[in-house]
Amino acid sequence: MESLVAWIRVTKKRRLRVVDLDADRNPALAQHLGVATTPALLLLDSGKVVGRLEGRSTGREIEALIGPHLGEESATPEGEGLVDSAEAE
């Protein structure tokens with residue numbers, strides 16, 4: 001997941017803030033956000049969850065999640081595969 005998070009940070013840095021959360025170290029916040037499975041990607045707007053992906057996700061799925069909120073078409077780099085199941089730190 002780190003490579004996709006890095007890609008999002010670089011390509012969307014003017015429009016998104018990416019924050020990593022270790023659910024094991026911050027269980028209260030993970031519970032508050034409703035995280036049931038890791039890895040998880042939550043899209044928040046003004047502190048409210050407006051989209052989520054839990055478990056393994058492809059770059060295209062991530063782009064489909066965030067794109068409509070940014071007014072963009074899918075622009076995922078070619079060759080983007082499945083996200084590994086390691087938790088974000």
List pairs: first in the range 14-35 and open to solvent by 60 Å² or more (accessible area, probe 1.4 Å), second modelled with pLDDT of 95 or more and among the acidic types (D, E), Cβ under 6 Å, 6+ apart or cross-chain?
none
Which residues, counting only those in the range 36-49, are open to solvent by less than 70 Å² (accessible area, probe 1.4 Å) and either modelled with pLDDT of 90 or more or of a type outside the set (G, A, S) (or both)?
T37, T38, P39, A40, L41, L42, L43, V49
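Could you list, in sequence order, all residues of the range 4-13 that are free of Cβ contacts under 8 Å to residues at least 40 places away in the same chain and outside any loop (DSSP other than H, G, I, E, B)?
Hits for the range 4-13 are A6, R9, V10.
The values are calculated or read from the model by the stated rules, or taken from the named source; none is laboratory data. The structure presented is a predicted model; accordingly, all values stated were derived computationally and were not measured. Cβ atoms come from the backbone with ideal geometry, glycine included; neighbour counts cover every protein chain shown. SASA here: full protein model, heavy atoms, side chains in, ligands and nucleic acids out. Shrake-Rupley method; radii C 1.70, N 1.55, O 1.52, S 1.80 Å.
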